[in-house]
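Trainee: I have a structure I would like to understand better, so I am pasting it below and will then ask my questions one at a time.
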Amino acid sequence: MDVKRNSQIRFTSVNHPVKPFLIQTNDNVIKFKEWDYDKLPKKSALKEIAKFFLDNFANQSSHPFWKTCRKGTPTFIKSTYNNYVNFLVLNYKEQLKNPDTTLMLGRDKNGKISAAILAEPLNLTPIVKDNKTLYIDSIAVDKNYRGNHIGKRLINDVVKSINERYTDVFLVAYNESVPFYKKLGFVSLNNKYYAQRKIIDSLSEERKDYPEYASFLTKPIDNNKPRWFDKFKKWYNF
């Protein structure tokens with residue numbers, strides 16, 4: 001059921017809302033709410049989100065680019081960091097125009113972002129797109145709050161909110177995070193199958209970090225429906 005934008009609906013996705021929730025940690029309470037879609041995004045707020053994701057990615061992946069965004073290290077390049085933050089802000093502005101986008105933030109008792117997830121329908125390349133597949137664009141948990149199953153809860157709640165409309169979930173994971181996603185039931189796209197190989201080839205043209213630094217992972221929401229990558233055989237004559 002579509003949810004209409006109005007002044008009474010706040011912090012919920014337009015088309016598939018996720019209920020707010022709390023997670024108690026050892027010394028804090030993290031409050032999770034969705035982005036306030038009724039308000040026009042302020043650049044300062046989007047920058048805060050961009051910096052949160054960027055700081056987590058930079059300290060997680062061994063990719064050379066992320067090392068240039070790793071604050072407090074000899075490899076840090078401030079101009080590269082700031083340029084990427086501005087790039088993310090522009091992307092977020094566009095993504096939040098889509099009523100199927102979900103942006104959920106967790107804030108600690110001081111109001112600081114402690115965890116976040118951004119998801120939308122899959123549309124990465126002219127070939128790799130499917131409005132029945134949810135693409136998890138970004139997910140991150142502050143290192144001080146890991147071990148509280150926050151990442152798992154974020155993914156599960158977002159998937160639960162869309163499970164009547166979508167059949168699959170897809171994400172690009174840095175290789176350091178692959179074990180976490182595999183515990184949640186994600187598996188890698190398989191080069192042995194022709195349709196999946198064509199998808200991998202298309203993604204690899206956009207993602208030069210595959211396979212040395214990143215992996216393409218997917219899992220079904222509904223096992224009784226055709227997988228998203230199998231549909232490509234028919235659509236694109238693979």
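The values are calculated or read from the model by the stated rules, or taken from the named source; none is laboratory data. Source: prediction; values computed, not measured. Please note: Cβ atoms are built from the backbone with ideal geometry, for glycine as well, and neighbour counts cover all protein chains shown.
Trainee: Give the residues of region 139-159 that are assigned to a helix (DSSP H, G or I), under 15 Å from the mean Cα position of the chain (by Cα) and in contact (Cβ under 8 Å) with a residue 60 or more places away in the chain, sorted by residue number.
Mentor: Correct list: Ile150, Arg153, Leu154, Asp157, Val158, Val159.
Trainee: Which of the numbered conditions does Val187 fail, given that it passes all the others? Conditions: (1) over 13 Å from Ile139 (Cβ atoms); (2) of a type in the set (Val, Ile, Thr); (3) surrounded by 16 or more Cβ atoms within 10 Å (Cβ to Cβ).
Mentor: (3)
Trainee: I would also like to ask the following. With in contact with a Cys (Cβ under 6 Å, 6 or more places away or on another chain) and part of a helix (DSSP H, G or I) as the only criterion, which of Tyr81, Tyr92 stands out?
Mentor: Criteria check complete, one pass: Tyr81.
Trainee: Does region 211-230 hold any residues that are in contact with a strand residue (DSSP E or B) (Cβ under 7 Å, 6 or more places away or on another chain) and either at positive phi or modelled with pLDDT under 95 (or both), and which are they?
Mentor: Correct list: Ile221, Arg227, Trp228.
Trainee: Assess whether Arg10 counts as being of a type outside the set (A, V, I, L, M), at pLDDT below 90, under 25 Å from Thr133 (Cβ atoms) and part of a loop (DSSP other than H, G, I, E, B).
Mentor: No: the conditions fail for Arg10.
Trainee: I need a count of the residues in region 190-218 that are touching a Phe, Trp or Tyr at 6+ places or on another chain (Cβ under 6 Å) and surrounded by fewer than 18 Cβ atoms within 10 Å (Cβ to Cβ).
Mentor: Number satisfying all stated conditions: 3.
Trainee: Okay, next question. Checking the structure you have, find out if any residue of region 170-188 is in contact with a helix residue (DSSP H, G or I) (Cβ under 9 Å, 6 or more places away or on another chain), closer than 24 Å to Asn98 by Cα and not aliphatic (A, V, I, L, M).
Mentor: Yes; the residues of region 170-188 include at least one that is in contact with a helix residue (DSSP H, G or I) (Cβ under 9 Å, 6 or more places away or on another chain), closer than 24 Å to Asn98 by Cα and not aliphatic (A, V, I, L, M).
Trainee: When both residues are 6+ apart or on different chains and their Cβ atoms are under 7 Å apart, which pairs have a first residue that lies in region 193-213 and is among the acidic types (Asp, Glu), and a second that is assigned to a loop (DSSP other than H, G, I, E, B)?
Mentor: Close Cβ pairs (under 7 Å, with a partner that is assigned to a loop (DSSP other than H, G, I, E, B)) amount to Glu206/Leu124; Glu206/Thr125; Asp209/His63.
Trainee: Could you list all residues from region 175-232 that are part of a helix (DSSP H, G or I), among the basic types (Lys, Arg) and farther than 21 Å from Asp130 by Cα?
Mentor: Lys182, Lys183, listed by residue number.
Trainee: In addition: Scan region 47-103 for residues that are small (Gly, Ala, Ser), within 29 Å of Thr133 (Cβ to Cβ) and at pLDDT 95 or above and jot them down.
Mentor: Across region 47-103, the qualifying residues are Ala50, Ala58.
Trainee: Pro179 versus (1) farther than 16 Å from Leu124 by Cβ; (2) in contact (Cβ under 8 Å) with a residue 60 or more places away in the chain: which is the lone unmet condition?
Mentor: (2)
Trainee: Answer yes or no: is there a residue in region 63-71 that is over 19 Å from Asp137 (Cα atoms), of a type outside the set (Gly, Ala, Ser) and in contact (Cβ under 8 Å) with a residue 40 or more places away in the chain.
Mentor: No, every residue in region 63-71 fails to be over 19 Å from Asp137 (Cα atoms), of a type outside the set (Gly, Ala, Ser) and in contact (Cβ under 8 Å) with a residue 40 or more places away in the chain.
Trainee: Specify which of the listed residues (Ser177, Ser138, Ser114, Ser161) is of a type in the set (Gly, Ala, Ser) and at pLDDT below 95.
Mentor: Ser161 is the lone residue from the list that is of a type in the set (Gly, Ala, Ser) and at pLDDT below 95.
Trainee: Pull out all pairs, ordered by first then second residue, where Cβ-Cβ is under 9 Å, the residues are six or more apart or on different chains, the first lies in region 97-111 and is without any contact (Cβ under 8 Å) to a residue 60 or more places away in the chain, and the second is surrounded by 14 or more Cβ atoms within 10 Å (Cβ to Cβ) and outside any loop (DSSP other than H, G, I, E, B).
Mentor: Once the first residue is without any contact (Cβ under 8 Å) to a residue 60 or more places away in the chain and sits in region 97-111, its partners that are surrounded by 14 or more Cβ atoms within 10 Å (Cβ to Cβ) and outside any loop (DSSP other than H, G, I, E, B) give Asn98/Glu120; Asn98/Pro121.
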